[in-house]
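First comes the structure, then the notes that go with it.
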Amino acid sequence: MLDPNYVRDHADEVLRRLSTRNGDFAADLAALRVLDKERLEAIQRVENLKREQNSAGEEVARAKKEGRDATEILARNKQRAAEIKALDPVLTDLDARRDALMLTFPNLPHESVPVGKSAADNPQVRAWGTPRQFSFAPQGHSELGERLGILNFERATRMSGARFSVLTGAGARLERALINFMLDVHTREHGYTEVVPPFLVNRNALTGTGNLPKFEQDLFKVAGEWDLFLIPTAEVPLTNLHREEILDGRQLPIKYTAYTPCFRSEAGSYGADVRGLIRQHQFDKVELVKFTTPEQSHDELEALTRNAETILERLNLPYRRVLLCTGDMGFASAKTFDIEVWLPSQNTFREISSCSNTEGFQARRANIKFRPDGSGKPQHVHTLNGSGLAVGRTLIAILENYQNEDGSVTVPEALRPYMGGLARIERT
């Protein structure tokens with residue numbers, strides 16, 4: 001959530017920056033200004049009445065001491081008390097309406113983010129590796145996986161519907177190997193603490209990260225009396241680990257990583273992505289989350305992004321990093337780097353990780369603060385998150401980049417210890 005005071009005091013700047021995100025926010029900001037004005041007037045009225053009430057209390061005491069009749073003073077006190085009481089629900093309603101409206105505004109883009117309307121306006125920051133030149137026509141991961149007998153969409157569709165898959169044998173083992181490899185690198189080398197969080201979270205947790213109320217249609221909700229949702233990413237439970245807490249600034253940055261399945265409703269048609277593992281309702285991901293001070297958060301974003309890139313470099317998979325423009329960023333993000341891996345079958349780079357700094361946006365919604373040097377006035381932390389990596393898309397990249405002309409797939413050297421020494425996946 002944006003800082004309400006900042007929005008009120010810098011209305012024109014906020015409108016200008018939000019407008020770069022391809023949205024029309026003028027009417028909602030105007031409505032917010034009206035609510036703010038009404039709210040401040042009501043607060044001022046209550047405070048004035050309470051001051052008058054305090055003064056009247058002293059006047060009653062003096063009247064009694066001097067033997068004067070205090071009936072009229074007490075009657076005015078009673079009337080003021082009734083007015084104060086009547087203003088309580090008015091203020092509660094104004095607060096609720098203002099907070100509900102504040103939750104609909106996306107984050108303000110950081111000053112370093114380029115203005116643009118779509119992915120076509122995202123500049124490339126860096127690239128690593130050289131795409132392999134094949135002596136044969138490379139196959140897509142779906143065809144490779146099905147012919148190897150490690151990937152099955154038909155059986156998944158019979159039990160769950162479209163956009164699900166079944167991995168078996170070496171395919172399942174490769175998925176598990178990737179998860180363990182990523183977690184080992186991030187915990188042993190990059191200093192993240194591994195967490196096994198709940199895969200079901202409540203409405204407050206999703207509101208804290210910015211998934212609710214705006215994106216409820218993209219979530220899977222548990223049926224019945226439960227107010228619980230399947231997580232769309234481990235970012236949600238990891239960020240909410242410190243919900244309603246005040247952290248010791250001397251311990252920042254705090255870094256967490258977790259493997260979880262993720263669940264998202266992928267509505268609509270995505271062309272070639274309808275078939276295959278690119279867009280699934282259920283997929284595996286290793287997530288990275290950081291809690292930092294405002295001063296260190298953008299340096300930590302760079303470090304987090306490099307941590308994710310390290311996985312691709314160890315697997316020798318060509319990739320590039322792009323900086324998302326204002327019109328292509330996620331709702332909660334102030335700045336995002338996308339890492340895109342090379343897919344030979346599509347002859348292009350495809351997203352495999354998004355690494356974002358939300359600054360204080362999520363922390364205000366989840367009420368996560370810190371005290372600099374362990375003392376002093378609490379401030380909101382900055383929260384960061386990124387995929388380290390999306391496991392299914394990494395598996396896709398391995399199948400396609402390491403395929404052989406006979407249809408087999410070479411296992412990257414970095415994964416062989418996790419695959420029991422297996423060097424090649426062949427049809428069995």
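The values are calculated or read from the model by the stated rules, or taken from the named source; none is laboratory data. These numbers come from a predicted model, not from an experiment. FYI the Cβ positions are ideal-geometry reconstructions off the backbone, even for glycines, and counts take in every protein chain you see. These accessible areas exclude ligands, DNA and RNA; they are computed on the full protein's heavy atoms, side chains included. Shrake-Rupley method; radii C 1.70, N 1.55, O 1.52, S 1.80 Å.
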Please state which one of Arg163, Arg132 is charged (D, E, K, R) and crowded, with 20+ Cβ neighbours inside 10 Å.
-> Arg163
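Can we say Ala156 is aliphatic (A, V, I, L, M), free of Cβ contacts under 8 Å to residues at least 40 places away in the same chain and buried (at least 17 other Cβ atoms within 10 Å of the Cβ)? Outline the logic, then answer.
Values: aliphatic (A, V, I, L, M): yes; free of Cβ contacts under 8 Å to residues at least 40 places away in the same chain: yes; buried (at least 17 other Cβ atoms within 10 Å of the Cβ): yes.
Here the answer is yes, as Ala156 does meet what is asked.
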Starting from region 345-361, take each residue that is under 15 Å from Leu395 (Cα atoms) and list its partners that are polar (S, T, N, Q) and open to solvent by less than 50 Å² (accessible area, probe 1.4 Å), counting only C-beta distances under 6 angstrom and pairs at least six apart or across chains.
-> Ser353/Ser387
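So that you can scan it fast, the table gives a plain yes or no per residue for (1) touching a strand residue (DSSP E or B) at 6+ places or on another chain (Cβ under 8 Å); (2) of a type in the set (Asp, Glu); (3) farther than 19 Å from Ser345 by Cβ:
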residue	(1), (2), (3)
Thr130	no, no, no
Glu143	no, yes, no
Glu146	yes, yes, no
Ile150	yes, no, no
Ala162	no, no, yes
Gly169	no, no, yes
Phe181	no, no, yes
Thr187	yes, no, yes
Which one of the conditions (1) open to solvent by less than 10 Å² (accessible area, probe 1.4 Å); (2) free of Cβ contacts under 8 Å to residues at least 60 places away in the same chain does Gly421 fail to meet, given that it meets all the rest?
-> (1)
Name the pairs: first residue in region 70-98 and within 15 Å of Asp36 (Cα to Cα), second residue among the small types (Gly, Ala, Ser), Cβ to Cβ under 7 Å, at least 6 apart or on different chains?
-> Val90/Ala42; Leu91/Ala42; Leu94/Ala42
Condition check for Arg33: open to solvent by 50 Å² or more (accessible area, probe 1.4 Å), under 30 Å from Trp342 (Cβ atoms) and either without any contact (Cβ under 8 Å) to a residue 24 or more places away in the chain or of a type outside the set (S, T, N, Q) (or both) = no
Members of region 191-207 that are open to solvent by less than 20 Å² (accessible area, probe 1.4 Å), without any contact (Cβ under 8 Å) to a residue 60 or more places away in the chain and under 16 Å from Pro261 (Cβ atoms) | Val201
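I'm trying to understand the selection: among the residues of region 166-190, which are of a type in the set (Ser, Thr, Tyr) and either open to solvent by less than 40 Å² (accessible area, probe 1.4 Å) or outside any loop (DSSP other than H, G, I, E, B) (or both)?
Kept after step one, since they are of a type in the set (Ser, Thr, Tyr), are these residues of region 166-190: 168, 187.
Matches in region 166-190: Thr187 only.
Can you find a residue in region 66-84 that is within 34 Å of the chain's Cα centre (by Cα), surrounded by fewer than 10 Cβ atoms within 10 Å (Cβ to Cβ) and in a helix (DSSP H, G or I)? Give the derivation first.
Initially, region 66-84 is screened for residues within 34 Å of the chain's Cα centre (by Cα), giving none.
Within region 66-84, none of the residues are within 34 Å of the chain's Cα centre (by Cα), surrounded by fewer than 10 Cβ atoms within 10 Å (Cβ to Cβ) and in a helix (DSSP H, G or I).
I'd like the residue in region 1-29 that is in a helix (DSSP H, G or I) and open to solvent by less than 40 Å² (accessible area, probe 1.4 Å) and, out of all such residues, is nearest to Ala334 (Cα to Cα). Can you show your working first?
From region 1-29, those in a helix (DSSP H, G or I) are 4-9, 11-19, 26-29; that's our starting set.
Filter once more, so that each one left must be open to solvent by less than 40 Å² (accessible area, probe 1.4 Å): 4, 7, 11, 14, 18, 29.
Numbers: Pro4: 17, Val7: 15, Ala11: 18, Val14: 13, Leu18: 11, Leu29: 19 Å.
In this case the residue turns out to be Leu18.
Do the conditions hold for Val409, that is, is it of a type in the set (A, V, I, L, M), touching a Leu at 6+ places or on another chain (Cβ under 6 Å), farther than 25 Å from His281 by Cα and open to solvent by less than 10 Å² (accessible area, probe 1.4 Å)? Reasoning before the result, please.
Numbers: of a type in the set (A, V, I, L, M): yes; touching a Leu at 6+ places or on another chain (Cβ under 6 Å): yes; farther than 25 Å from His281 by Cα: yes; open to solvent by less than 10 Å² (accessible area, probe 1.4 Å): yes.
It is true that Val409 is of a type in the set (A, V, I, L, M), touching a Leu at 6+ places or on another chain (Cβ under 6 Å), farther than 25 Å from His281 by Cα and open to solvent by less than 10 Å² (accessible area, probe 1.4 Å).
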